[in-house]
Each structure stands twice: as structure tokens, then as C-alpha cells.
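Take a look at the structure set out below.
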Amino acid sequence: MASLSESEGTNRGSMWELDQNLDQPMDEEASRLKNMYREKKFSSVLLLRLAFQSLGVVFGDLGTSPLYVFYNAFPHGVDDDEDVIGALSLIIYTLTLIPLLKYVFVVLRANDNGQGGTFALYSLLCRHAKISTIPNQHKTDEDLTTYSRQTYEENSVAAKIKRWLEAHAYKRNCLLIVVLIGTCTAIGDGILTPAISVLSASGGIKVQNPNMSTDVVVIVAVIILIGLFSMQHYGTDKVGWLFAPIVLLWFILIGSVGALNIHKYNSSVLKAYNPVYIYRYFQRRNSNSFASLGGIMLSITGTEALFADLCHFPVLAIQIAFTLIVFPCLLLAYTGQAAYIISNKDHVADAFYRSIPDSIYWPAFVIATAAAIVASQATISATYSIIKQALALGCFPRVKIVHTSKKFLGQIYIPDINWVLLILCIAVTAGFKNQSQIGNAYGTAVVIVMLVTTFLMVPIMLLVWKSHWILVVTFIVLSLMVEIPYFSACLLKIDQGGWVPLVIATAFFVIMYVWHFCTVKRYEFEMHSKVSMAWILGLGPSLGLVRVPGIGFVYTELASGVPHIFSHFITNLPAIHSVVVFVCVKYLPVYTVPIDERFLVRRIGPKNFHIFRCVARYGYKDLHKKDEDFEKMLFNCLLSFLRLESMMEGYSDSDEFSVPEQKTEGSINNAFLAEKTNNNTMCSNGDLSYSSQDSIVPVQSPLRGNSLLRYSSQASHTVSDELEFLNRCKDAGVVHILGNTIVLARRDSGIIKKIAVNYMYAFMRKMCRENSVIFNVPHESLLNVGQIYYI
């Protein structure tokens with residue numbers, strides 16, 4: 001429906017052509033600077049400062065892994081020194097291949113203007129190929145300064161991949177399912193990371209008090225978790241400056257203790273840096289070695305959070321922080337623990353705390369607990385960000401989003417999700433009570449997210465980077481060579497706790513997929529049932545009703561066409577406002593839409609109809625922020641549009657231009673009105689840009705030159721009169737008209753679809769926030785129009 005072939009268009013008739021010319025998608029200025037959002041150049045001092053700050057945001061989760069890795073790798077104890085050496089060798093080269101080579105030097109480059117995570121990769125793909133399942137985009141959106149994309153040669157590999165992805169709807173759906181799986185599993189990380197990090201850190205209490213019950217450790221962990229989640233609504237702005245020093249102190253601690261243990265206990269452990277011991281490890285332990293991979297894999301937990309928490313740090317700063325501080329300290333920490341375990345095989349369950357010298361034990365315990373809290377906070381914040389991105393792309397129910405910082409727009413808090421995470425986190429901690437089963441669950445979640453990232457990187461490398469296929473194959477082989485064995489090992493532990501992330505991910509997947517499916521079907525229903533502009537014009541300037549003073553903002557998801565809700569409104573009520581504005585709020589697959597490019601305004605039909613359209617465009621990181629002046633911003637854009645429209649009319653050269661040839665003279669006259677008024681204005685806070693409709697083509701028009709100008713002057717109001725008219729309408733009152741639709745499955749639908757639409761989707765819509773709350777519409781100015789959609 002969005003595009004028709006030329007052969008189909010020639011058979012439509014004059015009324016269809018009139019409809020197309022009076023309500024075409026909005027154009028915008030194409031000459032904007034495209035380089036304003038490229039990564040800035042940073043001085044060396046600033047780069048080092050950002051690298052230091054990234055420690056507290058990006059590396060907390062990865063840095064706390066030494067608390068629980070060896071215990072999960074050897075839950076039944078250690079029998080031979082060579083087993084420890086082999087496990088350490090696996091940890092060393094896993095850290096080298098996955099966090100260092102794959103993520104720090106490859107995946108981080110796939111960020112979306114500083115934004116990382118699964119949805120950032122998906123947004124990049126949506127900009128480079130038409131794979132978005134909600135077809136609400138238009139080619140003019142590609143002119144945004146943040147809408148970067150590549151062009152391809154006709155026979156290139158990238159062009160063939162692009163055509164292959166766009167060819168069938170099931171391919172787009174499969175890609176969306178992969179993205180949702182990665183997203184839902186990442187949400188599971190937000191539950192399991194606080195559970196295992198805080199529980200492992202709290203376990204230090206029992207080391208100095210061997211007779212203490214495990215229940216006491218669990219209670220302490222639960223109290224810390226309740227305090228952590230209860231403080232979320234304050235945000236991290238006020239205490240965020242502490243995060244980087246705490247994590248830096250933690251890395252210095254584990255690195256120093258590791259170096260001390262190597263010197264003190266067994267320096268021969270350094271032979272683990274020879275990869276031949278990996279082969280010997282599998283040769284000696286056989287099936288036991290494969291099962292222990294699930295615990296060894298925990299050494300790279302937090303790697304995906306490294307990408308998801310990229311935020312606004314430059315990639316080079318993160319690369320510096322990881323290579324100079326994180327990576328060396330982690331290697332020293334694991335090597336030191338291995339040296340201690342070889343000399344104290346009975347202490348593998350709590351090797352980290354027992355390897356700490358007694359003189360610094362309690363300070364180390366405090367630092368470990370603080371580092372676990374920081375790691376948990378980073379994962380919780382990443383979960384909020386994931387939910388926000390999913391909501392913006394139509395994959396999650398509308399929930400309340402609160403800004404916790406005026407300086408950093410990325411710092412948000414979602415109350416409903418916060419308490420769900422708290423309940424599930426406490427249930428996991430109190431239910432399992434030990435690190436081993438939580439570790440099994442955590443490992444399963446992490447490796448699934450990594451596999452999803454690997455698969456998404458393939459089209460990214462081909463479409464976005466235009467990499468040679470040999471490099472792509474090399475990346476896939478090296479990644480899967482490590483990740484598939486770990487994934488297989490985690491599957492063996494599904495009955496030992498690995499089922500938890502699968503259940504959590506499945507629950508969130510059902511919620512997100514049902515919501516997205518119904519959202520797409522509702523949008524398609526509105527697209528197919530939108531009203532013809534020819535029908536609107538046939539009603540005349542009064543629309544067949546009494547035009548009462550006032551402005552009516554009609555909210556719709558359609559960026560073009562007259563929504564069905566409007567026809568439903570005017571056929572059931574005897575009056576309509578003097579000025580009608582169709583407001584479309586849509587999200588684009590970009591991380592942000594600059595303020596000065598956010599609003600587009602254009603006129604629909606002749607001037608005396610007083611019908612306008614305003615499209616407000618947002619990126620997946622943008623928020624309405626409870627905009628109380630949203631109504632004022634819309635009105636100011638209308639005023640600016642009228643002024644600019646009047647200015648441009650004086651310079652309009654219509655002597656040789658008109659709309660495509662019509663069948664009747666009346667059609668030509670009406671179409672000409674659209675030509676003269678079919679101009680777009682992009683405005684916000686006084687910044688304007690003008691663009692005329694580019695679909696007007698030269699033809700032999702029966703109306704030429706001065707006759708056209710005379711007709712225009714007779715048919716239009718002066719700008720001062722129209723501005724005065726608009727202000728009087730505003731003073732008379734503003735009404736916001738929203739659709740209160742009920743979505744039901746068709747009677748011939750299957751039982752699964754009926755359950756999903758009639759019960760699950762209906763329940764989620766009932767529980768989620770209303771559009772009137774999201775747009776901050778005053779209750780006294782709200783008018784709901786009820787309808788039933790059968791999908």
C-alpha cells in the first residue's frame with residue numbers, strides 16, 4: 001500500500017491522482033550537514049579521563065567475575081593440578097578471543113552513534129535495508145542528520161544481501177525474532193547479575209565465620225538487593241562519580257592480590273599461557289571437562305553489557321581502559337587464584353576471599369561488596385535502556401519512564417520494571433541459595449546474547465561496513481568456535497538452574513512479540529481503512545458539519561492519509577473545530593532526532609479547509625519527558641509554517657509547473673491549490689527550514705502564468721488574517737482527540753491468535769499507560785473516540 005507501480009497508477013483515475021497529490025508524504029530540507037554527529041576528536045587528557053569514567057559504567061560486571069568463576073568450574077572440588085592449569089588456560093584465551101578481540105576491537109565499532117546493544121544493531125540494519133516490520137517510514141526520514149546509511153553498487157554482495165532480506169516478510173520476522181531473543185535474554189541478565197554478584201560478595205562474611213548459616217548470607221544479600229532497587233528512583237547522577245573510583249580500586253585490589261599469590265604460592269601456574277594445556281585439559285577430564293565449561297564461561301559475563309552500556313563514551317576510551325587496566329588485572333586475578341587453589345585444593349569454593357591476606361580482608365570485603373553493587377547498577381540501568389528501546393520500536397507495552405538526571409538524558413528509571421526485577425531477583429537468590437545454580441542460569445543467558453550478537457554482526461559487516469566476505473567468515477568462525485562449545489555446555493546444565501533464564505526470556509518474549517504483532521496489525525488496519533482525500537474535499541470547507549471555534553488535535557499513528565478515526569468522528573458528531581491538526585508521533589530507527597528536526601508541518605488540502613498535519617519524530621533514546629509545552633510547540637510550529645508559507649509563495653514560479661494531468665477541470669483547480677500550499681515546514685524552538693513538494697512535474701497545463709497567480713491570490717487568505725484566525729481559535733479552546741480502540745481477533749482466527757489478541761493484548765493495553773498520559777494531555781481537554789478493530 002505504501003508504494004504502487006506506474007502501471008497500477010495509470011489505471012486509478014483522476015480522483016485517485018487528486019488524493020495522491022493533495023496528501024503526499026512530507027519532504028524536508030536535503031542540504032543539512034551530515035557530519036555533525038560523527039564522533040568528535042578528543043584530546044589525550046580528555047580521552048584518559050573518559051577511559052577512567054568508563055570503568056564505573058562499562059566494566060563493573062566483567063570485573064566482578066573472579067568472585068565466582070573457579071567455584072562454578074569445580075563445584076565438586078579439584079583432584080589434580082593440571083585441571084587447574086587447563087581451566088586457567090581456557091579462561092585466559094576465552095578472555096582474549098571474546099572480550100578483547102571480538103567485542104573491544106570489532107563489535108564496539110558497530111555502535112549506533114555511541115549507542116550499543118541488540119536494538120542498536122537492529123536499528124543500523126533497519127536504516128540500511130527495508131526490514132522494519134512497521135512501515136511508517138518515508139524517504140524524507142533518511143535526510144535526518146542522524147540517519148546515516150550506505151549506498152551500494154547494483155551487483156555488489158551488500159546489494160544482494162539487502163535484496164535478499166527485503167524480499168519476503170518472513171525473513172524480516174525471523175530477524176525480529178532473533179533480536180527479541182537477544183533482548184529478552186539480556187533482560188534476564190538484569191535479574192541474574194545482581195543475584196550472583198551480591199550473593200558472591202556477601203559470601204565473604206561466612207569465610208571468617210565458618211559456623212555461620214548459609215541463610216544468613218542469603219538474608220544479607222536480599223537486604224542489599226532491596227536497598228539497591230529501592231534507591232533506583234534517585235538515579236545515579238549524584239553518586240555516579242563514585243563508581244569509577246570504586247571499580248578502579250577493585251581492579252587494583254584483584255590485580256595486586258593476584259600478583260602476590262603468584263609469587264607466594266606457585267609461579268609455575270604461568271605455564272597456563274601456553275594454549276597446549278587446553279588440549280591436555282580436555283584429554284584428561286573427558287566429559288567432566290566439557291561440563292566445567294559452563295563455569296569457565298562465567299569469566300566473560302559482563303562482556304555483552306560492555307557493549308550495551310557503551311553510552312556516550314568514545315570507543316577509543318573503552319579500548320584504552322580495557323587493554324591497559326581491565327584485561328591485565330583480570331589475568332593477574334585469575335592466575336593468582338589458580339596458584340592459590342593448586343596449593344589449597346580444599347578452598348576452591350571460596351578461593352577468592354581465602355586468597356586475600358588477613359591484614360586487608362575486611363577492606364577487601366567492603367570493596368568487593370561495593371563493586372558488586374556497581375556492577376548490578378550498571379546492568380539494571382542497561383535493562384531500563386533496553387526496555388526503552390523496545391518500547392520506542394513498538395515491541396513493548398507503554399510503561400512509565402522517569403528521567404533521573406537533568407544533565408544526562410540516558411539516565412532513566414522505569415518503576416514497573418524495577419519492582420518486577422526486584423521480585424525476580426529475590427526469588428532467584430532466595431530460591432537457589434548458592435552460586436553454582438545461579439551461575440548455571442547466568443551462563444546460559446550470557447552465551448545466548450553473545451550468539452545473537454554474532455549473527456547480527458554478519459549483516460552489519462556486509463551492509464554497513466561493506467567488509468570482504470573472507471573477513472566476515474573469519475569473524476564467524478572464530479566467534480562460534482568459542483561460543484558454541486560454551487552454549488552446548490550450558491545446555492547440559494538446564495536442569496541445574498539453566499532453565500531460569502529460558503523461562504524469564506520466554507515470558508518476556510511472549511509479551512514483546514504479542515504486543516508487536518498486534519501493533520503491526522493495528523497499523524495495517526488503519527492504513528487500509530484511511531479516508532480518501534477526495535472524500536474529504538467532496539464535503540466542502542465545512543466538512544459537511546458546523547465548524548465551531550477552536551483547534552482540534554487528532555492523534556494518529558499514520559504519517560500520511562486521513563485516519564479512519566476522523567471519519568468516524570465527523571459521521572457521529574454534528575460539529576468539528578475550525579482548525580484540525582493531525583498529529584503523528586512516530587519513532588525512527590535512529591538513536592535520536594535533533595530538536596530542530598523533530599517537527600514537520602504541512603497543510604492538507606485547500607487553505608479554506610484549515611486542515612494541517614504535524615509529524616513529531618523521535619529516536620529510540622528520546623523521551624517526551626512529560627512535555628507540558630507539547631501543545632504549545634505544536635501551535636508555534638503552525639504559526640511558523642503559515643509565516644514561511646506566505647514568504648515562499650511570493651517566490652513561487654508556477655508558470656511551467658503543475659500536478660500530473662487530471663481528467664477534469666475541477667480536478668485541476670483543486671490540485672493546483674494543493675500545489676500552492678503543499679509545502680513543508682520543519683520547526684522547533686524557532687528554527688525553521690522550508691522545502692517545497694518535489695513531485696510537481698512540468699506538463700502542459702491549461703492554466704498558465706498570471707492566471708495561476710490571480711487564482712492563488714483570490715483563493716487564499718492573507719497571512720495576517722490566517723494568523724489572527726488561528727490565535728482566535730486557540731483562545732476559543734484546544735481539544736485533543738485520541739482513538740480509544742478495542743482490538744479483537746477476527747471470528748475466523750485460530751485459537752492461539754484469539755488468546756493472544758483478545759486476552760493477552762487486551763490485558764496489556766488495560767495495564768499499560770494511556771496515550772493521554774504519555775502526551776500529558778489535560779483531562780478536561782481530552783476527547784476519546786471509541787472504535788473496534790478486527791485484525
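Given a cut-off of 13 Å, what percent of all Cα-Cα pairs of segment 185-248 lie beyond it?
Pairs farther apart than 13 Å: 71 percent.
The residues of segment 311-445 expose, per residue, 34 Å² of accessible area to a 1.4 Å probe.
Across every direction, the projection of the convex hull enclosing the Cα atoms of segment 454-557 has a mean area of 13.3 nm².
Phi-derived couplings, Karplus 6.51 cos²θ - 1.76 cosθ + 1.60 at θ = phi - 60°, listed residue by residue for segment 566-582: 6, 5, 4, 5, 6, 8, 10, 10, x, 9, 9, 5, 5, 10, 10, 10, 7 Hz, with x used for Gly and Pro.
Please identify every one of the trypsin sites (Lys or Arg not before Pro) in segment 183-284 that sits in a loop by DSSP and has no more than 16 other beta carbons within 10 Å of its own beta carbon. Show your work: numbers first, answer last.
Values: sites: 206, 238, 264, 271, 280, 284; in loops: 238.
Here the trypsin sites (Lys or Arg not before Pro) that fit, given the DSSP loop and packing criteria, are 238.
Each 5 Å bin from zero holds the following percent of Cα-Cα pairs in segment 727-772: 5, 17, 18, 14, 11, 9, 7, 6, 6, 4, 1.
Measuring nothing but alpha carbons in segment 308-382 and taking Rh as the Kirkwood radius, the Rg to Rh ratio lands at 1.06.
Grab the alpha carbons of segment 109-202, take their convex hull, and tell me the volume per residue in Å³.
Expressed per residue, the convex hull around the Cα atoms of segment 109-202 is 139 Å³.
With semi-axes defined as the square roots of five times the eigenvalues of the C-alpha gyration tensor, the equivalent ellipsoid of segment 245-316 measures 29, 21, 11 Å, largest first.
Rounded to the nearest percent, how much of the accessible area of segment 437-567 (1.4 Å probe, protein heavy atoms only) is carbon and sulfur? Each step should come with its number before you reach the end.
Numbers: 3510 of 4730 Å².
Result for segment 437-567: 74 percent of the exposed heavy-atom area is carbon or sulfur.
Expressed as a whole percent, the proportion of Cα-Cα pairs in segment 167-278 lying more than 21 Å apart is 67%.
Only protein atoms count toward the accessible area here, which uses a 1.4 Å probe; on segment 97-211, the carbon and sulfur part of that area reaches 54 percent.
Here segment 397-502 is treated as an ellipsoid with the same Cα gyration tensor; its semi-axes, largest first and in whole Å, are 32, 26, 9. Shown here are the Rg and Dmax of the Cα trace of segment 509-567, at 15.5, 49 Å.
Counting only protein heavy atoms and a 1.4 Å probe, segment 74-129 has 24 square angstrom of accessible area per residue.
Can you give the convex hull volume per residue for the Cα atoms of segment 305-441, as a whole number of Å³?
Working: hull volume 22.6 nm³, N = 137.
So the per-residue hull volume is 165 Å³.
Once the 1.4 Å probe is applied to the protein heavy atoms, segment 475-570 comes out at 38 Å² accessible per residue.
Step through the table entries 130/586; 171/521; 102/162, compare each Cα-Cα distance with 20 Å, and write down the pairs that go over it.
Details: 130/586 17 Å; 171/521 17 Å; 102/162 24 Å.
Result: 102/162 exceed 20 Å.
As a calculated quantity, the FRET efficiency between residue 747 and residue 573 at R0 = 30 Å, using C-beta atoms, amounts to about 0.50.
The values are calculated or read from the model by the stated rules, or taken from the named source; none is laboratory data. Being a predicted model, the structure only gives us computed values, none of them experimental. Ideal geometry is used to build each Cβ from the backbone, glycine not excepted, and the neighbour counts take in all protein chains shown. Just so you know, the surface numbers come from the protein's heavy atoms only, side chains and all, with ligands and any DNA or RNA stripped out. Shrake-Rupley method; radii C 1.70, N 1.55, O 1.52, S 1.80 Å.
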